[in-house]
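For reference, the structure is listed below as structure tokens.
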Amino acid sequence: MTATTTAPLTATPARTVRRPPARLRAWATRAPLLPALVFMIVVTQLPFVATLVISFFDWNALYPKARHFTGLDNYRQVLTDTDLRHSVWTTVLLTAAVVVASLVLGLALALLLDRRFRGRGIVRTLLIAPFLVVPVAAALLWKHVLYNPEYGLFNGLLHLVGGPQPDWISKTPLLAVEASLVWQWTPFMMLILLAGLQSRDQQQIEAARVDGASDWQIFRHLTLPHLRRYLELGALLGSVYIVQNFDAVFTLTSGGLGTANLPYTVYQSFYQAHENGLASAAGVLVVVGSIVIATFALRVVSSLFREEVSRA
């Protein structure tokens, strides 16, 4: 027999794959987001920078050649003018009233929808509907269908019981604006608080019931502390949007009867008085206030995410 010998196998060296530098990989990851970033800068930041520049000029559109640099005079006028200060106070009062009332009603509706009953899905859909209505359409609905002194629903119901027939908008103008905004923003608060209710620890609640705790005690000592972050989030997000509200004031009262808030005053200064510099200064103050509120809102959202991650 002849023995066959096999040559020993030699391992071939593995190829070393060169990876691109970390900085290049980072830019490759961010590249798909660059078009959206550029679009956002062009649409939002460049107009704001232009508004900021115009706010330092005394610029009346009727006399374009007379414009000149005035520094902070426009901001000083916004903060010292009687009408503008009144519009700032109206904005604060309107925002606070709408946010508080919407939170209270939203909490009550969220507690109702957290229970199981027949037709809960239909009720939830109906309660969310006001938030989906276009703001101008909602204001027109309240102005003509509900508030109208001749054929409005409110006066029609009062007529059935022999009650008075008031002109709601002229008698209570600010309350009329607030009621329409509360109707529209209560579903938003309800959704946030309902999400908070459904994230509660049910085992903890059952243990409290076994120990003899009443519904009020469970709500006060367990539910309300759990909903604190959600209440803060609803208040902050609602404030961001209601501070900038223009539709309801313009549609219901046209800024009259002491209901002109800061966004409506900006509209009057820009489109009626043609004071571009003064209107830009007021607009910058509105944006700065909204950014401050939005910063707190983002912190609350981040804390909520951290709590959910730690709980998971």
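The values are calculated or read from the model by the stated rules, or taken from the named source; none is laboratory data. For clarity, every value in this text was computed on a predicted model and none was experimentally measured. In this analysis, Cβ positions are derived from the backbone assuming ideal geometry, glycine residues included, and neighbour counts consider all displayed protein chains. We work out accessible area using only protein heavy atoms, side chains counted, and drop any ligands, DNA or RNA first. Shrake-Rupley method; radii C 1.70, N 1.55, O 1.52, S 1.80 Å.
Scanning the chain for chymotrypsin sites (Phe, Trp or Tyr not before Pro) in DSSP loops with at most 12 neighbouring Cβ atoms within 10 Å leaves 152-312 as the longest stretch between them. Charges on Cβ only, +1 for Lys and Arg, -1 for Asp and Glu, centred on the Cα centroid of region 154-298; of L262, A279, L236, which one is farthest towards the dipole's positive end? Value: L236. Using the Cβ-Cβ distance between F246 and V292 with R0 set to 25 Å, the FRET efficiency works out to roughly 0.80. Taking all Cα pairs closer than 8 Å and separated by 6 or more residues, the relative contact order of the chain comes to 27 percent.
Computed from the Cβ-Cβ distance with R0 of 22 Å, the FRET efficiency linking T44 to R299 stands at 0.55.
Subtracting the Cα-Cα distance of R76 and R25 from 0.36 nm times their residue separation leaves 13.4 nm of extension gain. Taking I192, I291 and ordering them by how much accessible surface each has at a 1.4 Å probe, largest first, produces I291, I192. Each Lys and Arg adds +1 at its Cβ and each Asp and Glu adds -1 at its Cβ; summed about the Cα centre, the chain shows a dipole of about 1520 debye. Modelled label positions at Q202 and V134, each set 7 Å beyond Cα in the direction of Cβ, lie 4.2 nm from each other. Derived scalar couplings between HN and Hα for region 142-159 equal 5, 5, 9, 8, 9, 8, 4, x, 9, 10, x, 5, 4, 5, x, 5, 5, 5 Hz in order, rounded to whole Hz, by the Karplus curve 6.51 cos²θ - 1.76 cosθ + 1.60 (θ = phi - 60°), x for Gly and Pro.
Scanning the chain for trypsin sites (Lys or Arg not before Pro) that sit in a DSSP loop and have at most 11 other Cβ atoms within 10 Å, the longest stretch containing none of them is 119-312. Computed from backbone phi, the HN-Hα couplings of region 198-209 come to 6, 9, 5, 7, 5, 5, 5, 5, 5, 5, 5, 5 Hz, rounded to whole numbers (Karplus: 6.51 cos²θ - 1.76 cosθ + 1.60, θ = phi - 60°; Gly and Pro given as x).
Over all pairs of different C-alpha atoms in region 200-293, the reciprocal of the mean inverse distance, the Kirkwood hydrodynamic radius, equals 16.7 Å.
The calculated P(r) of the chain, using every Cα pair and 20 Å bins from 0, goes 22, 43, 23, 6, 4, 1, 0 in percent.
Listed values for region 239-250 are Karplus-derived 3J(HN,Hα) couplings in whole Hz (6.51 cos²θ - 1.76 cosθ + 1.60, θ = phi - 60°), namely 5, 4, 7, 6, 4, 8, 5, 10, 4, 5, 5, 5, and x replaces Gly and Pro.
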